[in-house]
1. Pick out the one residue from E65, E49, E77 that is more than 30 Å from T215 (Cβ to Cβ), acidic (D, E) and open to solvent by 70 Å² or more (accessible area, probe 1.4 Å).
2. Look through the range 155-190, keep the residues that are within 23 Å of G39 (Cβ to Cβ) and more than 14 Å from the chain's Cα centre (by Cα), and return whichever of them is most open to solvent (accessible area, probe 1.4 Å).
3. Do the conditions hold for V94, that is, is it more than 24 Å from I36 (Cα to Cα) and open to solvent by less than 10 Å² (accessible area, probe 1.4 Å)?
4. Which of the residues spanning the range 34-44 are of a type outside the set (A, V, I, L, M) and open to solvent by less than 40 Å² (accessible area, probe 1.4 Å)?
5. Working only within the range 112-129, note down all residues that are out of contact with any Ser or Thr (no Cβ under 7 Å at 6 or more places or on another chain) and crowded, with 17+ Cβ neighbours inside 10 Å.
6. On the given criteria, is G109 of a type in the set (G, A, S), more than 16 Å from the chain's Cα centre (by Cα), surrounded by fewer than 19 Cβ atoms within 10 Å (Cβ to Cβ) and over 14 Å from R176 (Cβ atoms)?
Amino acid sequence: MASEAAALLIEEFDSRGPIVRPTLHDAIVARVRDMIIEGELVPGTRLHEGNLGKMLGVSRTPLREALKFLVSEGLLELSPGRGAVVRQFTAKDVHDSLIVIGNLEGLAGRLACEHATDAEIREVRQLHDRMMDMYEKRDRLPYFKLNQSIHSAILRLSKNDALVSVHSVLQARLKRIRYIGNEGPEKWAGAVADHEEMIDALEARDANRLSKVLTVHMEKTWERVRNAI
């Protein structure tokens, strides 16, 4: 089991301190989540626990627990007689969620400008710089994870636990959708430009500007993904 864990350990990007090596459960969750995000497991795919376990080199018990967690995130759903299936969202599901996320992030941006410490803002800048490094390398999955970490960090800087909680549920469900929003050099460059403006507004503590950039960013995300759903 030790060798299984070592083979699956994945470093998660986080702005709250040193990178922590995850447990086997966390590693399985991260691996399957990445497979969904990158489209290796497409919407509607039934996950055969035996085959998936063999591919990952893990037994059914930790795999089953990991799949249950991804069901709670909204990336998978349980289908009677079929088990775990990759969740398939309608265009309306996605559009509705992006509208809510945009407004939640807009509010979080205002609160972050008011409540964040200078040190906390510097941590977001560090995430941004690492993300830009991944962009320069065109290393898409690490870029995406850092991108999502930045959005989550801004929510945390709002210092509003209720806001963070609601946002985290919706953000988890749309990971694959937001990932495909970076497909193609023009779309990816547009997303990067939005993030450059976000960090500038946060560092300036310009609440109105940051709120607007975050909200409009979600509107642009819908335009980037609508034809791919």
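The values are calculated or read from the model by the stated rules, or taken from the named source; none is laboratory data. Bear in mind the structure is a predicted one, so any value in this text is a computation, not a measurement. Quick reminder, even Gly has a Cβ in these numbers, built from the backbone with ideal geometry, and neighbours come from all protein chains shown. Only protein heavy atoms, including side chains, enter the accessible area calculation; ligands, DNA and RNA are left aside. Shrake-Rupley method; radii C 1.70, N 1.55, O 1.52, S 1.80 Å.
1. Residue meeting the stated conditions: E65.
2. Step by step, filter the range 155-190, then rank; the result is E186.
3. In short, no.
4. D34, G39, G44
5. C113, A116, E120, I121, H128
6. no
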